[in-house]
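*Asks:* Below: one structure in structure tokens.
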């Protein structure tokens, strides 16, 4: 038996052995493969069944000792249909805003007023840059009001700036941009005729007619280059004013334009009519179409009296002796506002031993004006600054050689002093030639109201004011 194993190699015998063993192992391999495939198929079915029965993030899973998987699914809430008043969709809760309100006050500028309210510099930059085309922030008044809305993130939503009852400006957020606009305020306008007589001053005469000081200021501005209302007025002078009065919801708000004005003395009649040319610019003109506005104002402030006039020889109240006085001294309380009499450029802003704090302004056509004994300068006034006619440049004081508060006002032309009260200043531009015919028609229509006996008063003591709608003006 043992010897058979050591017999020489028999190839046929070996092939038989391999064939029998291969058949036996191949059958086993087929059985194992089938079992593995069956197990895989069963396992996948169980796994996919678990996935389909378990809602995401809503299941509570418990494994028992028997390895059974139990899934607890929360009940779905009842769906409530919206009522017709609620609409098809539920509205989100109202957005919450932070509101900041205030006035310019003593701060003098919108930037300082907002910073005092702890508004960020970034929001202030948005406000100023967006409203700049509509609002001149260099002329802020103490009573100007503002309201600011910001959202929960502190971003600007809306801003409102009110300079008057009819002048309200807004910034609104639209998407990622901000837009600026002026509110349209519905008002009623009426043309009213106001007539009166001077007893002591223009302001007193206006107040006795139950009108406001603003009307006196508007009227005086029309003839400011023709009449000195602080010196030239005489008792018995008469005036007539045809003015727009603006009402909001039946309440008088403010005056509009004075469409026609007349000031009558014992020897002279001054008249002015408002007209807008084809260039869109308006102004007051005389009966021939010449502008009532001149290059220089008659006076640089509202004063009580002229305490010293223009002279080449006067006794100086402090230095004694005779000295020339090349100016006009206007007595006024300390702090009274002083205007530039014409457009120009500040060329001097300094202090002189005798003249005190003073300004010098250069004007066109070789003119130069001086303002002395000031208590202080207006904000923004410095050497090289451009100023406009009737812009406030300083305030009355008593600095330098002075015995009391007053303004020493002087005028030069081509380097030589001139008497401001006698100087003949050039007029403004007249009505353009292409507009002259239309101006004459407007003037004649307004002149009828000034002269109409049925639309005027006969006695000062029983002043009668009548009004008509502007739409009814012929």
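A short reminder: the numbers here are calculations on the coordinates, not readings from a lab. Since this is a predicted model, take the numbers as computed values, not measurements. Neighbour counts are summed over all protein chains in view; Cβ atoms, including those assigned to glycine, are modelled from backbone coordinates with ideal geometry.
*Asks:* I need 386, 325 ordered by Cβ neighbour count within 10 Å, fewest first.
*Replies:* On the way: 386 10, 325 18.
So the residues, fewest neighbours to most, are 386, 325.
*Asks:* Moving on to the next point. Over segment 98-182, what is the relative contact order in percent, taking alpha-carbon pairs closer than 8 angstrom and at least six residues apart? Intermediate values should be presented prior to the final figure.
*Replies:* Values: 133 pairs, mean separation 24.7, N = 85.
Answer for segment 98-182 is 29 percent.
*Asks:* Compute the relative contact order of segment 210-300 as a whole-number percentage, counting only Cα pairs closer than 8 Å that sit 6 or more residues apart in sequence.
*Replies:* Values: 124 pairs, mean separation 24.1, N = 91.
Computed value for segment 210-300: 26 percent relative contact order.
*Asks:* Largest first and in whole Å, what are the equivalent-ellipsoid semi-axes of segment 181-275 based on the Cα gyration tensor, each being the root of 5 times an eigenvalue?
*Replies:* On the way: eigenvalues 144, 39, 25 Å².
That gives 27, 14, 11 Å for the three semi-axes.
*Asks:* For segment 202-232 and segment 340-377, what is the centre-to-centre distance using only Cα atoms, to the nearest Å?
*Replies:* 27 Å
*Asks:* Additional query: With a cut-off of 8 Å between alpha carbons and a minimum separation of six or more residues, what is the relative contact order of segment 305-418 in percent?
*Replies:* Numbers: 293 pairs, mean separation 33.9, N = 114.
This gives 30 percent for segment 305-418.
*Asks:* For a quick check: sort 143, 188, 286 by the number of other beta carbons within 10 angstrom, fewest at the front. If you can, show how the numbers build up before the last one.
*Replies:* Values: 143 11, 188 14, 286 17.
Arranged by neighbour count, lowest to highest, 143, 188, 286 become 143, 188, 286.
*Asks:* Further, regarding this structure: Rank the residues 197, 423 as a footprinting-exposure proxy: fewest other Cβ atoms within 10 Å of their Cβ go first. Mind dumping the intermediate values first?
*Replies:* On the way: 197 17, 423 12.
Result, fewest neighbours first: 423, 197.
*Asks:* Shape verdict for segment 305-418, please, from the Cα gyration tensor: rounded (a/c under 1.5), prolate (a/b greater than b/c) or oblate. If you can, show how the numbers build up before the last one.
*Replies:* Numbers: a/c = 1.89, a/b = 1.32, b/c = 1.43.
It is oblate, given that a/c is not under 1.5 and a/b is not larger than b/c.
*Asks:* Something else: How much of the DSSP beta bridge set in segment 305-418 is antiparallel, as a percent to the nearest 5?
*Replies:* Just about 100 percent of them are antiparallel.
*Asks:* On to the next question. Roughly speaking, what % of Cα-Cα pairs in segment 97-137 are separated by over 17 Å, rounded to a whole number?
*Replies:* Details: 245 of 820 pairs.
Counting every Cα pair in segment 97-137, those more than 17 Å apart make up 30 percent.
*Asks:* Per Stokes-Einstein, at 37 °C and 0.692 mPa s, what whole-number D in µm² s⁻¹ belongs to segment 98-182, with the Kirkwood radius over Cα pairs as the hydrodynamic radius?
*Replies:* The calculation lands on 256 µm²/s.
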